[in-house]
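Values in this text are rule-based calculations from the coordinates and carry no lab data. Since the model is a prediction, treat every value here as computed from it, not as a measurement. Note that each Cβ is placed from the backbone with ideal geometry, even for glycine, and that neighbours are counted across all protein chains shown.
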Amino acid sequence: MKDTLILGIESSCDETACSVVRNGREILSNIIASQADFHEQYGGVVPELASRMHLDAVYPTVKEALEKADVTLSDIDAVAVTYGPGLVGALLVGLSAAKGLCLTSGKPLVGVNHLLGHICANYLCFPELEPPFLCLCVSGGNTQIIHVKDYTDLEIIGKTRDDAAGEAIDKIARVVGLGYPGGPKMDKAGQGGDINAYSFSYTHMADTLDFSFSGIKTSALNLINQTKMSGNDIDLKDFAASYQHHIASVLLKNTIKAVEKTGIRTVCLAGGVSANSFLRALFDEEAAKRGLKLYYPKLSLCTDNGAMIASAGYFEYIKGARSGLELNAVPSLRLDNR
């Protein structure tokens with residue numbers, strides 16, 4: 001059976017990434033041009049500047065990915081590209097580059113949902129993993145529990161009703177002076193801290209798998225302000241550990257409810273927050289206790305990358321999905337509406 005090579009392009013936020021993946025599982029190259037250090041000086045991603053930096057980086061990144069994979073564009077079966085969700089200007093840069101490559105080469109274009117890409121990062125790390133399974137997809141902009149029925153057949157069974165878990169971490173990271181990127185800095189700050197040193201209130205929703213993180217964030221802000229008003233300082237190590245453990249506990253609670261509701265005993269983590277050590281430790285412990293099969297990508301594939309887009313593009317491509325050159329960016333694209 002002939003191998004299928006997919007070129008994947010990702011530019012939804014502040015990473016310009018390109019990858020060549022064979023048969024949806026094997027990474028031949030995975031090149032990332034990160035803007036994180038640049039945006040750190042502003043305390044977060046500046047959309048207009050991110051778009052301009054994508055313009056400078058996209059074709060050199062594609063060229064390097066093809067060279068490292070030791071293939072040419074003529075060897076590629078299709079070009080997969082993120083078209084949402086994400087920053088509209090950033091998405092348009094990747095989309096335009098992908099369309100240009102398809103126009104010059106005659107290769108088909110496959111639009112990919114960024115969140116499906118995060119789920120597919122697990123396939124790149126675990127050859128044995130196949131649907132069905134449950135996936136907790138958690139990032140700065142999204143928090144969802146997804147029933148992955150097949151590679152391209154997914155159902156959202158739980159979601160955040162307000163803030164995403166990653167946003168709740170990033171916001172508090174800025175408040176305590178850690179800056180951007182908040183997730184990794186909070187994780188590092190909390191290492192060795194007491195997870196029970198501080199407590200936080202949160203919105204409990206019975207009879208649903210949905211989340212709410214605005215209450216946790218507000219509780220943390222109030223605790224910080226009250227501590228300062230009393231003339232004291234928070235212990236950053238203990239605070240960061242307690243806060244992240246608390247958020248991870250809420251994520252775990254609803255995921256276990258989903259396991260019990262569906263009877264599915266294979267669980268995956270996906271998205272940028274799946275790199276969080278407090279989340280991984282809590283899920284590892286619970287999976288071992290309950291005998292669940294637990295998967296999460298290696299750290300380099302948790303954050304945005306082209307390999308996950310190429311993998312998702314492969315599964316869409318073999319299903320027969322093709323996108324026209326009129327494909328536009330959809331900043332608020334839903335996973336169940338891709």
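Among Phe200, Phe38, Phe278, the ranking by other beta carbons within 10 Å of each residue's beta carbon, starting with the fewest, stands as Phe38, Phe200, Phe278.
About its Cα centre, the dipole of the range 131-297 is roughly 100 debye, where the only charges are +1 on Lys and Arg Cβ and -1 on Asp and Glu Cβ.
Taking θ as phi - 60° and the Karplus parameters 6.51, -1.76 and 1.60, the scalar couplings of the range 104-114 work out to 6, 9, x, 7, x, 9, 10, x, 10, 6, 3 Hz in sequence order, x denoting glycine and proline.
Annotation: amide H of Gly179 within the under-5 Å range of Arg174, sequence separation 5 or more or interchain, hydrogens built in the peptide plane. Strictly greater than 23 Å: what percent of every Cα pair in the range 131-297 meets that? Looking at the range 131-297, the distances longer than 23 Å represent 37 percent of pairs.
Only helical runs count toward this figure. For the chain, summing -39,500 (n - 2.57) over DSSP H runs of n ≥ 4 and dividing by all residues gives -14500 deg cm²/dmol at 222 nm. Scanning the chain for cysteines with no neighbouring cysteine C-beta under 4.7 angstrom from their C-beta gives Cys13, Cys18, Cys102, Cys120, Cys125, Cys137, Cys302.
Between beta-carbons, use under 9 Å as the cut-off and find the net charge around Val259, counting Lys and Arg +1, Asp and Glu -1. Provide the component values of the computation, followed by the final result.
Values: positive: Lys257, Lys261, Arg265, Arg290; negative: Glu260.
Its environment carries a net charge of +3.
Note on Lys68 and Leu327: the model spin-label points, each 7 Å out from Cα along the C-beta direction, lie 2.2 nm apart. Listed from fewest to most Cβ neighbours within 10 Å, the set Val79, Val259, Val267 follows the order Val259, Val267, Val79.
Once you've got the Cα coordinates, tell me which of Lys149/Lys293; Lys253/Lys293; Lys68/Lys185; Lys99/Lys298; Lys185/Lys293; Lys149/Lys261 are over 25 Å apart. Cα-Cα > 25 Å for Lys68/Lys185; Lys99/Lys298; Lys185/Lys293; rest within. Of the residues Thr303, Thr104, Thr152, the one that moves most in a GNM of the chain with alpha-carbon contacts below 10 Å is Thr104.
A Förster distance of 22 Å, applied to the separation of the beta-carbon atoms of Lys319 and Glu26, puts the FRET efficiency at 0.70. A simple spin-label model places the labels of Asn196 and Ser249 1.0 nm from each other, with each point 7 Å out along Cα-to-Cβ. In plain terms, the residue of Lys289, Lys171 with the fewest other Cβ atoms within 10 Å comes first and the most crowded comes last, giving Lys289, Lys171. Name the residues of the range 1-33 whose amide N is less than 17 Å from a point 7 angstrom out from the Cα of Leu129 along the C-beta direction? Residues 21-28 qualify, since their backbone N sits under 17 Å from the label point. Which listed residue (Val93, Thr104, Thr72) has the Cα farthest towards the positive end of the charge dipole for the range 1-152, taking +1 on Lys and Arg C-beta and -1 on Asp and Glu C-beta about the Cα centre? In the range 1-152, that residue is Thr104.
Shown in residue order for the range 239-245 are the 3J(HN,Hα) couplings computed by the Karplus curve 6.51 cos²θ - 1.76 cosθ + 1.60 at θ = phi - 60°: 4, 4, 5, 5, 5, 5, 5 Hz (x for Gly and Pro).
Listed values for the range 201-210 are Karplus-derived 3J(HN,Hα) couplings in whole Hz (6.51 cos²θ - 1.76 cosθ + 1.60, θ = phi - 60°), namely 8, 8, 7, 9, 10, 7, 6, 8, 9, 6, and x replaces Gly and Pro. The alpha carbon centroids of the range 316-338 and the range 21-61 are separated by 21 Å. Residue separation of Asn222 and Arg290 scaled by 0.36 nm, minus their Cα-Cα distance, works out to 20.9 nm of gained length.
With r as the distance between the Cβ atoms of Lys237 and Tyr42 and R0 = 35 Å, compute the FRET efficiency 1/(1 + (r/R0)^6) and round to 0.05.
0.85
Modelled spin labels at Met229 and Glu260, positioned 7 Å past Cα toward Cβ, are 3.8 nm from each other.
Remark: the Cα gyration tensor places the range 1-105 in the prolate category, a/c being 1.5 or greater and a/b exceeding b/c.
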